[in-house]
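Reviewing the structure listed below.
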Amino acid sequence: MTLRGAHLLSVSQFDRAGVESLLEIARSVEPIARRRQVCRVLEGAVLGNLFFEASTRTRISFGAAFCRLGGAVCDTTGFTFSSMVKGESIYDTSRVISGYVDALVVRHPERGAVAEFARATNIPLVNGGDGPGEHPSQALLDLYTIKNEFARLGKSLDGANIAVVGDLKYGRTVHSLVKLLSLYRGIRFYFISPRGLEMPVSICDDVTNRGHHLEVRHALRQAFPKLDLVYATRIQKERFSSEEFEGYSADFQVNASFLDQYCDTSTVVMHPLPRDSSHGAYDLSEDLNSDSRLAIFRQSDSGVAIRMAIFSVLLGVEGQIAKHTRDAMWWRPDLIGPDDGPFYRLA
Amino acid sequence: MTLRGAHLLSVSQFDRAGVESLLEIARSVEPIARRRQVCRVLEGAVLGNLFFEASTRTRISFGAAFCRLGGAVCDTTGFTFSSMVKGESIYDTSRVISGYVDALVVRHPERGAVAEFARATNIPLVNGGDGPGEHPSQALLDLYTIKNEFARLGKSLDGANIAVVGDLKYGRTVHSLVKLLSLYRGIRFYFISPRGLEMPVSICDDVTNRGHHLEVRHALRQAFPKLDLVYATRIQKERFSSEEFEGYSADFQVNASFLDQYCDTSTVVMHPLPRDSSHGAYDLSEDLNSDSRLAIFRQSDSGVAIRMAIFSVLLGVEGQIAKHTRDAMWWRPDLIGPDDGPFYRLA
Amino acid sequence: MTLRGAHLLSVSQFDRAGVESLLEIARSVEPIARRRQVCRVLEGAVLGNLFFEASTRTRISFGAAFCRLGGAVCDTTGFTFSSMVKGESIYDTSRVISGYVDALVVRHPERGAVAEFARATNIPLVNGGDGPGEHPSQALLDLYTIKNEFARLGKSLDGANIAVVGDLKYGRTVHSLVKLLSLYRGIRFYFISPRGLEMPVSICDDVTNRGHHLEVRHALRQAFPKLDLVYATRIQKERFSSEEFEGYSADFQVNASFLDQYCDTSTVVMHPLPRDSSHGAYDLSEDLNSDSRLAIFRQSDSGVAIRMAIFSVLLGVEGQIAKHTRDAMWWRPDLIGPDDGPFYRLA
């Protein structure tokens, strides 16, 4: 499987060997992503970073990844795109911009719109999220983080116990992640959500058809076998009437007391971010911030290496990175955040 | 005529020799614009890309062109500019930003505002469109496309038959283009518009004073001599009451049936884009998308080379490009769009 | 005092030796800031230029400064930041973005928000203005300009006569500047403002405690000893009822007639910009535009060199600039603005 010149629209494009080969490239560019080295392999290339829906962190993560390979970035942000407002088709927009740049990242609020963009261009295009559809680079960085955490803990993904918690119906992130995890073997999945927000049946079927164990639950605080991973997502208040919502999110909050009671010292806690830290949101609790099991910032940090790997393979330069890399000469901290523990150190 | 250190505000700055020399430079940078080569002649230079009116494609085209020469871009987009809202004069804004960057592109919704910007700075400034005024880089890329298409077809611009169709009163693009075309000899122009949207008299006078043939028409479907070029533009619905509008745009739509009936296999069809593909807009028809006579994407692709040429001459580096250019090493498609025919291939 | 790896949040971080050492670095990078030379010492580095409050000129000045050192810039602008709208804490936002970039500039409408950003990251962060709080790079470029102007005039900052005029209560710029000036010796300060808009008592106390002379006035047109510097700021209309405002700003306008009557040929006139040039605003008058005592554009030009110096010391590359610098090869004007006099020439 080669991705040279391809579009990256969905995690369904990967088999296990393909995804592992991409993660291997991500691992090899970590010293660049972590600013120990500078790479100029894409010097002269230009990325069109088109965000028809605002998502500052994702936009900057893609942009920084392209810059770290030596390229330049043309951004567009916000909900309006002048020519599309004037009735221009996605076909025309995509084809015109493709004449200016070497690769595209497109985020769009409507499912399928990114694929429509992709059909109008031969230059590599990455789906940066299409509404309720897919967001493959997020699922890939999640898988990369899980593999890195498990490697550190001496664990295997095959046979792991994994709880996925929150709004599993509308959360596109968990849909794509579960598809990728299903490429592995013998996983015990616990899908835990309020009633009405269950994981779509097609994804559940896929999981069981591939021979994984699946348990669907409607309460978080129940006995588990030793959990290797808790993947928490936000329950979006706006999907409920206010009386329905009372209790829902509090009952599904992953926090220190949940970890103390149901997990052990080698459980990994992840979340796609952003998490809602406002009062009464009951998203992933801040009381875990100094708990080394919380991997959320190791997870977001991984986005740069994964996106560098994606651009490298789509543009076919993965074999030329090493010879266009040199040491960085500016100051960087040993740990990026003040609460980063030893697991943040680059091996 | 030298443009080194000059502002590019209007196509009126060019004589025939001057414009052809610019097109020659555009031709020489095509391998860079087409990503076969990488140029770093402007490495370290910074462009201020100031769009006081949103125009994503034009902004990205200018930005990508500056990047392709090795420079970096600082963008500003949208309708507000914080300090101008606080009562800052154009003079102050222009002079302050000029202290930060090496060249400016300015787009502004008001005619004359860009010239006011230009008067306050000695650094090169390009008019990126000033409301109903001028948009010289568009007219230059149009001329460049026409010359390239005619060269391919073995035709000369001198003596050509050219139809310009649509809203000729408010379309600044066609005003500037006709001025440039008038620098050539013996053209037969057909200006075809609804009544009330005719080409301004001053431009018509200029055309005839320079010895060209001019015919003003109010219907598209009439006999023509063999047309070498049909340049279509959008008729802007919002300029009409709804009953007036009925029929207008349908009657003036350039589509496959029009080409079949009134043109031949060597007619070139162009449009400044964006075209309105929404139902009932009757803009340039999508039924021509796979017709090789449709040159609209060859036209928009040309924007990068033309804008590279403009920056090169204004910043005086046109003679140094070759020695700062090397081969690109990343993957690029042979044809940018899935419907691009053989005429898209770089010679 | 070293700033390597530090955050720059406030001018209070500087003593006299520290600030002079920074100005010395700014002086050494002037040929790069003025486009005579190109520097690539930060090639491969990425700046996160986060403007949660719009400020185009400041954003571009920081961005251009980072580019002039060879780095790349990821911008975010405007009043919304998608994930913060979803309830994300400043801690999470700061830590996540810090995983993508090498340095941050943050502007935020609320006092203290930038410091909160800084506490969540170990990468260098520059306060780009936090509402009524601080804007240290502006105060540093002001001090740099004063020192340059005084050097040209053969004057010393120690013992100078300095008038600060306008809204001294809400103008954060003058607060930070006065703190920096207080590091010098024997200055005679004249703080001139409408009643109710006086300089905060804490700053006045600081000035007198450090042994400077201080006179608080409520009228501009009074006898002065020979003034070396008039620093004018805008009186913000919106802080007054309309009848109160009448006269206020006219009485406090610095213009040609004020300079003729109360100053001499060696007085320097500065303003943080933007100035309100709209009718009836009575901000610093445009009738001084061709008066060589007006240093406002020399002042704004200085922003690039100061911000280059800031990034250099925070990222620890100040000692490596010279060996990564070469001559620029593109055209640049001798004077940036058409009204720039000889004092704009680079020494």
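Just so you know, all these numbers are worked out from the coordinates, no wet-lab data involved. Note that the structure is a prediction, hence the values are computed from the model and not measured. Don't worry about glycine lacking a Cβ; one is built from the backbone with ideal geometry, like all the others, and counts go over all protein chains shown.
Quote the charge dipole size of the range A:137-297 about the Cα centre in Debye, to the nearest 20; the model charges only the Cβ of Lys and Arg (+1) and of Asp and Glu (-1). Numbers along the way, then the final one.
Numbers: 18 positive and 21 negative charges, 121 e Å.
Dipole of the range A:137-297, to the nearest 20 debye: 580 debye.
Which whole-number percentage describes the relative contact order of chain C, with Cα contacts under 8 Å and a sequence gap of 6 or more?
Numbers: 629 pairs, mean separation 72.9, N = 347.
RCO, chain C: 21 percent.
Once phi is turned into θ = phi - 60°, what whole-Hz ³J(HN,Hα) does the Karplus curve with 6.51, -1.76 and 1.60 give for every residue of the range B:19-33, x standing for Gly and Pro?
Here the 3J(HN,Hα) series is 5, 5, 5, 5, 5, 5, 5, 4, 4, 6, 9, 3, x, 7, 4 Hz.
Taking each residue in A:48-56, count the Cβ atoms of any other chain within 10 Å of its Cβ, then average. What number comes out?
4
Under the classification rounded if a/c is under 1.5, otherwise prolate if a/b is larger than b/c and oblate if not, where does the range A:127-174 fall, given a ≥ b ≥ c as square roots of the Cα gyration tensor eigenvalues?
Values: a/c = 3.67, a/b = 1.74, b/c = 2.11.
It is oblate, given that a/c is not under 1.5 and a/b is not larger than b/c.
Once you wrap a convex hull around the alpha carbon atoms of chain B, what is its projected area averaged over all directions, in nm²?
Numbers: hull surface 71.3 nm².
Orientation-averaged projected area of the Cα hull: 17.8 nm².
Evaluate the distance, in nm, between pseudo-label points positioned 7 Å from the Cα of C:Asp264 and of A:Asp339 along their respective Cα→Cβ axes.
6.1 nm
Out of residues 5 or more away from A:Ala103 or on other chains, whose amide H comes under 5 Å of its own, with H placed 1.01 Å from N in the peptide plane?
A:Val46, A:Gly48
Kirkwood-based Rg over Rh for the range A:100-198 (C-alpha set), two decimals?
Working: Rg = 16.0 Å, Rh = 15.2 Å.
Over the Cα atoms of the range A:100-198, Rg/Rh equals 1.05.
Do any of B:Lys147/B:Lys323; A:Lys323/C:Lys86; A:Lys86/A:Lys169 go past 32 Å between their Cα atoms, and which?
Values: B:Lys147/B:Lys323 27 Å; A:Lys323/C:Lys86 42 Å; A:Lys86/A:Lys169 35 Å.
Beyond 32 Å: A:Lys323/C:Lys86; A:Lys86/A:Lys169.
How large is ³J(HN,Hα), in whole Hz, for each residue of the range A:187-199 in order, when computed from phi with the Karplus curve 6.51 cos²θ - 1.76 cosθ + 1.60 and θ = phi - 60°, using x for Gly and Pro?
Working through the residues one at a time gives 7, 9, 9, 10, 9, 10, 8, x, 4, x, 10, 5, 4 Hz.
With a Förster radius of 25 Å, plug the Cβ-Cβ distance of B:Ala250 and B:Lys226 into 1/(1 + (r/R0)^6) and report the FRET value to the nearest 0.05. Intermediate values should be presented prior to the final figure.
On the way: r = 25 Å, r/R0 = 1.01.
For B:Ala250 and B:Lys226, the calculated efficiency is 0.50.
With contacts defined as alpha carbon pairs under 8 Å and 6 or more residues apart, what's the relative contact order of the range B:1-101 in percent? Write down the numbers at each step before the final one.
Working: 87 pairs, mean separation 25.3, N = 101.
Relative CO of the range B:1-101 lands at 25 percent.
Largest first, please: the extent of the C-alpha atoms of the protein assembly as shown along each principal axis, to the nearest Å.
Over the protein assembly as shown, Cα extents along the principal axes are 90, 88, 57 Å.
Quick one: dipole size for the range B:245-329, taken about the Cα centre, charges +1 on Lys/Arg Cβ and -1 on Asp/Glu Cβ, in debye to the nearest 20.
Working: 6 positive and 12 negative charges, 140 e Å.
Roughly 680 debye for the range B:245-329.
Tell me, what is the percent relative contact order of the range A:145-233, built from C-alpha pairs under 8 Å that lie six or more residues apart? Display every interim value, and only then the final one.
Details: 145 pairs, mean separation 32.9, N = 89.
The value is 37 percent.
Within the protein assembly as shown, what percent of beta bridges assigned by DSSP are antiparallel, to the nearest 5? List each step's numbers first, then the result.
Values: 9 of 108 bridges.
Looking only at bridges with both residues in the protein assembly as shown, the antiparallel portion is about 10 percent.
Using only the alpha-carbon atoms of the range A:137-297 as identical scatterers, what base-10 log of I(q)/I(0) does the Debye formula give at q = 0.11 Å⁻¹?
-0.39
Shortest first and in nm to one decimal, what separations exist between C:Ala6 and its copies in the other chains, measuring from label points 7 Å along the Cα-to-beta-carbon line?
5.1, 5.1
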